[in-house]
Amino acid sequence: PLEAIVSKYPEIDALEDKAKQVRKTVEEVKAIALDNVEKVLERGSKIDDIVNQTDQLSQNAEGFQRSSRDLRNHMWWNMMKTRLMIGGVVAVFLLLVYLIFCGGLSCSSSSSDQK
């Protein structure tokens with residue numbers, strides 16, 4: 001009886017083949033869609049990683065700027081201390097030269113007038 005129905009309606013085989021082809025196409029589209037969803041999720045996680053790295057880089061840059069400023073200030077103070085020490089040494093040297101050539105604190109031009 002089934003053969004009689006199938007032989008009576010030959011388009012059933014064609015419809016069955018078409019249904020199989022549609023199922024196959026649907027499975028292919030489903031696989032592609034799942035693959036695309038996975039890629040979107042991967043891309044989202046990569047974007048999150050990039051955002052986190054950017055935040056970390058920003059924090060590192062701020063820390064570097066702060067430490068650079070502190071180092072610059074420290075070096076400036078060291079340079080000023082050195083200049084003050086050199087100035088003090090020069091002042092002491094000039095005072096010693098003055099005392100040696102004038103013979104003491106009471107150096108005046110009147111000693112040359114007395115002769």
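Are any residues in segment 90-107 surrounded by 10 or more Cβ atoms within 10 Å (Cβ to Cβ), at pLDDT below 85 and in a helix (DSSP H, G or I), and if so, which ones? If the condition is that a residue be surrounded by 10 or more Cβ atoms within 10 Å (Cβ to Cβ), at pLDDT below 85 and in a helix (DSSP H, G or I), then Cys102 is the only one that fits. Of these, Asp48, Asp35, Asp17, Asp13, which one is over 27 Å from the mean Cα position of the chain (by Cα), of a type in the set (Asp, Glu) and at pLDDT 90 or above? None of the other options fit; the residue is Asp35.
The values are calculated or read from the model by the stated rules, or taken from the named source; none is laboratory data. What you see is a predicted model; the values in this text were computed from it and never measured. Quick reminder, even Gly has a Cβ in these numbers, built from the backbone with ideal geometry, and neighbours come from all protein chains shown.
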